[in-house]
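Working notes, structure below.
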Amino acid sequence: MSLEMKIGLDAINSYKRLAYTPWHALAEFVDNSTQSYFDNKETLDVVFAKGGEILEVSISYEKDAGQLRISDNSIGMSLADLERALHVALPPKNTNGRSKYGMGLKTAACWLGNVWTIKTKKLGDTVEHNVTINVEKIAAGEGALEYSAIEGRSLDKHYTLIEINDMNRNFHGRTLGKIRDFLSSMYREDFRAKQLILLWNGTTLVWKDLDDRLLHAVDGTVYKKSFLFHVGDQQVKGWVGILDKGGRADAGFSVIHCGRVVRGWPDNWRPSSLYGQLQGSNDLVNQRLVGEIHLDGFEVSHTKDDILWLGDEEEQVEKKLLEYCGDYRQTALDRRKGDDDERGPSETETNVAIDELKKELMSPEMVDVIELEAVPAPDIVDSQAQTIADSIATFAPPSSPR
């Protein structure tokens with residue numbers, strides 16, 4: 001006798017109870033679009049160049065209609081691609097990118113709403129595919145999906161459109177603003193590379209880097225440096241900097257995995273080796289020390305909102321960060337006074353000045369003008385000192401006038 005594990009169709013109902021945030025759920029769709037572009041970059045870049053385009057993903061939310069729409073101009077899906085995308089837990093062919101577990105599209109869509117449709121057309125095909133997924137029907141045992149195909153589409157058209165209805169979540173007020181802010185942060189690497197236009201409710205999202213807010217030395221150089229080290233076989237790289245004027249929401253490290261921020265502003269990671277207690281206190285290092293860290297070789301959580309640390313990986317990464325960034329931690333702890341402070345320069349300002357003095361003293365120009373003389377022998381020094389002492393002892397002061 002043997003036993004086997006079975007997963008019923010009603011398991012799909014559990015997806016709505018996953019610990020997603022709205023922005024991480026929406027990011028699943030952007031991840032699929034961007035990874036589709038990366039996997040077909042050579043072909044799509046030629047097509048985009050002809051029309052002066054780049055990859056574009058648009059997300060729109062209509063609260064009154066209770067509908068969410070995600071569209072892109074990536075390469076689109078064939079019927080075989082669509083079938084694979086709808087296969088729960090079937091990993092993609094490329095598991096080294098942003099689409100890893102074969103779950104994101106399904107879990108995020110079910111978390112957001114109970115009825116969702118996909119309309120897609122692949123570049124070079126003439127067929128548009130349409131499929132509707134009704135979560136409640138599938139959970140009740142109706143596994144067959146509503147599918148239709150439209151023939152005769154243009155070969156050069158390519159797109160995917162996903163519509164989600166019967167929403168499980170309603171977004172309003174501050175949540176709408178947080179979705180905008182988090183998505184702007186998440187795809188900063190794509191924005192920097194100018195390879196993605198991401199729209200949220202018709203507004204193009206942008207990311208503003210922090211370089212103009214970092215502490216500057218007297219010569220204008222920025223307190224920002226790169227680091228690179230390994231934990232086991234995994235490479236860790238990034239940069240660390242010091243904010244000129246601190247803010248707790250801005251400080252901390254943004255964690256980047258496969259070019260996408262999995263945890264970052266305004267909820268940065270604060271490793272205890274640098275920031276102290278869990279998620280840090282409210283001291284100056286927690287307001288001023290900032291950076292980005294790339295952890296591509298590490299596992300990411302199912303909802304792709306943090307690194308899934310294994311063994312002692314986190315402790316090893318934190319230990320290395322202290323080794324490479326500890327000097328910046330100390331500088332960040334030094335309080336920087338305002339220009340109107342009459343109590344003198346702060347420790348940070350003093351450290352900056354010392355750094356500049358060291359640079360001057362070590363410069364070739366300074367070395368060239370320094371003349372070195374040999375120190376006289378001790379007996380010569382003693383002899384000269386005795387001569388001076390004897391002359392002082394025999395010196396007679398002039399008499400005072402009467």
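The values are calculated or read from the model by the stated rules, or taken from the named source; none is laboratory data. Keep in mind that this is a model prediction, so the values were computed, not measured. Heads up, the Cβs are rebuilt from the backbone with ideal geometry, glycines too, and the neighbour counts pull from every protein chain shown. Surface accessibility is based on the protein's heavy atoms, side chains included, excluding ligands, DNA and RNA. Shrake-Rupley method; radii C 1.70, N 1.55, O 1.52, S 1.80 Å.
Scan the range 155-169 and give yes if some residue there is within 31 Å of the chain's Cα centre (by Cα) and without any contact (Cβ under 8 Å) to a residue 60 or more places away in the chain, otherwise no. Checking the range 155-169: not a single residue is within 31 Å of the chain's Cα centre (by Cα) and without any contact (Cβ under 8 Å) to a residue 60 or more places away in the chain.
Are any residues in the range 73-93 at positive phi and either surrounded by 14 or more Cβ atoms within 10 Å (Cβ to Cβ) or at pLDDT 95 or above (or both), and if so, which ones? Spell out the reasoning first.
To start, the set of residues in the range 73-93 that are at positive phi comprises 76, 89.
The one that is at positive phi and either surrounded by 14 or more Cβ atoms within 10 Å (Cβ to Cβ) or at pLDDT 95 or above (or both): Gly76.
Here Leu278 meets the list (1) crowded, with 20+ Cβ neighbours inside 10 Å; (2) at pLDDT below 95 almost entirely, failing just condition (1). Output yes when any residue across the range 222-233 is more than 22 Å from the chain's Cα centre (by Cα), modelled with pLDDT under 95 and open to solvent by less than 60 Å² (accessible area, probe 1.4 Å), and no when none is. Taking every residue of the range 222-233 in turn, none turns out to be more than 22 Å from the chain's Cα centre (by Cα), modelled with pLDDT under 95 and open to solvent by less than 60 Å² (accessible area, probe 1.4 Å).
Of all the criteria given as (1) assigned to a loop (DSSP other than H, G, I, E, B); (2) open to solvent by 10 Å² or more (accessible area, probe 1.4 Å), the one not satisfied by Phe298 is (2). Residues that are touching a residue at least 24 places away in the same chain (Cβ under 8 Å) and open to solvent by 10 Å² or more (accessible area, probe 1.4 Å) were ranked within the range 241-256; the one that is nearest to the chain's Cα centre (by Cα) is Asp250. Listed by position, the strands (runs of 3 or more DSSP E) inside the range 125-179 whose residues that are open to solvent by 50 Å² or more (accessible area, probe 1.4 Å) and modelled with pLDDT of 95 or more number at least 2 are 146-150, 159-167.
Take the conditions (1) open to solvent by 40 Å² or more (accessible area, probe 1.4 Å); (2) in contact with a Gly (Cβ under 6 Å, 6 or more places away or on another chain); (3) assigned to a helix (DSSP H, G or I); Gln35 misses just one of them, which is (1). Selection of the range 180-195 for residues being in a loop (DSSP other than H, G, I, E, B) and out of contact with any strand residue (DSSP E or B) (no Cβ under 7 Å at 6 or more places or on another chain) yields Ala193, Lys194, Gln195.
Can you confirm whether Ala27 is assigned to a loop (DSSP other than H, G, I, E, B) and either hydrophobic (A, V, I, L, M, F, W, C) or over 24 Å from the mean Cα position of the chain (by Cα) (or both)? First the steps, then the outcome.
Values: assigned to a loop (DSSP other than H, G, I, E, B): no; either hydrophobic (A, V, I, L, M, F, W, C) or over 24 Å from the mean Cα position of the chain (by Cα) (or both): yes.
No.
Applying the set (1) among the hydroxyl-bearing types (Ser, Thr, Tyr); (2) within 24 Å of Gly297 (Cα to Cα); (3) open to solvent by 40 Å² or more (accessible area, probe 1.4 Å) to Tyr187 leaves exactly one unmet item: (3).
Within the range 59-72, being open to solvent by 30 Å² or more (accessible area, probe 1.4 Å), in a loop (DSSP other than H, G, I, E, B) and not basic (Lys, Arg) holds for Asp64, Ala65.
Collect the residues in the range 101-122 that are part of a loop (DSSP other than H, G, I, E, B) and open to solvent by 40 Å² or more (accessible area, probe 1.4 Å), keeping them in residue-number order.
First pass over the range 101-122, keeping only residues part of a loop (DSSP other than H, G, I, E, B): 101-103, 122.
The answer is Tyr101, Lys122.
Per the listing Glu292, Glu323, Glu347, the residue uniquely open to solvent by 20 Å² or more (accessible area, probe 1.4 Å) and modelled with pLDDT of 95 or more is Glu323.
Hey, can you tell me all the residues within the range 214-259 that are among the polar types (S, T, N, Q) and in a strand (DSSP E or B)?
Correct list: Ser226, Gln234, Gln235, Ser254.
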